[in-house]
Amino acid sequence: MIDSVEFGETSQTGSLRRLQERCGFALLLAGNTHRLAGTRRDIHAMDQIESRIGMRFEIGQPTREDCVRIGAEHNVEGADAYEAIVTCGENTSLRALCHLLQNCAAGTSGFGSIRLPRIETTLRGMSCGSDVLRLLHERRNDAADHLRSPA
């Protein structure tokens, strides 16, 4: 698999294609196709690659179920912690969610579970963290307001 192939030059992409043809192994390109063919010269190389693509997958935003399953794999504990990772996943990407949970797991040194305070602390150090923390606090305030309002 080659990730971020858009940074490669056309000759590098061509070399990968020739290597794949010669050796017969699968080649997986990950990225945005519009960035892969960034210049007029790259469009021809990209056309050749596009004509050889056997399957194409598009991964969208993670669903609530995706986030919960990923959280279970990382030993997340507590309903509030799951709400936090769902908020993160639904508003960022699978990559950001996995990065968050990997960093949280590193903070536990492999012992114990990942709870909300660890998630919030880890979010503070991430580039998308402030937005996610703001959403978490807004949702908490909305839930608290809902509980206080008369029925």
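Laid out as a table, the results:
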quantity	calculated
Residue within region 139-148 that is among the small types (Gly, Ala, Ser) and in contact with a helix residue (DSSP H, G or I) (Cβ under 7 Å, 6 or more places away or on another chain) present	no
Residue in region 96-117 that is surrounded by 18 or more Cβ atoms within 10 Å (Cβ to Cβ), part of a helix (DSSP H, G or I) and touching a Lys or Arg at 6+ places or on another chain (Cβ under 7 Å) present	yes
Subset of region 137-151 (residues that are open to solvent by 90 Å² or more (accessible area, probe 1.4 Å) and under 23 Å from the mean Cα position of the chain (by Cα))	Arg139
Test: Ala84 is buried (at least 17 other Cβ atoms within 10 Å of the Cβ), hydrophobic (A, V, I, L, M, F, W, C) and on the phi < 0 side of the Ramachandran plot	yes
Positions within region 118-151 being part of a helix (DSSP H, G or I) and among the hydroxyl-bearing types (Ser, Thr, Tyr), in sequence order	Thr121, Thr122, Ser130
Leading residue by the ranking (farthest from Glu65 (Cα to Cα)) among those in region 119-136 that are open to solvent by 20 Å² or more (accessible area, probe 1.4 Å) and touching a residue at least 24 places away in the same chain (Cβ under 8 Å)	Met126
Residue ranges of helices (runs of 4 or more DSSP H) in region 1-78 with at least 1 members more than 30 Å from Phe111 (Cβ to Cβ), modelled with pLDDT under 70 and open to solvent by 60 Å² or more (accessible area, probe 1.4 Å)	10-23, 33-36, 40-52
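The values are calculated or read from the model by the stated rules, or taken from the named source; none is laboratory data. This is a predicted model, so every value here is computed, not measured. All Cβ positions, glycine included, derive from the backbone under ideal geometry; neighbour counts span all protein chains shown. Protein only, heavy atoms only, side chains kept; ligands, DNA and RNA dropped before computing areas. Shrake-Rupley method; radii C 1.70, N 1.55, O 1.52, S 1.80 Å.
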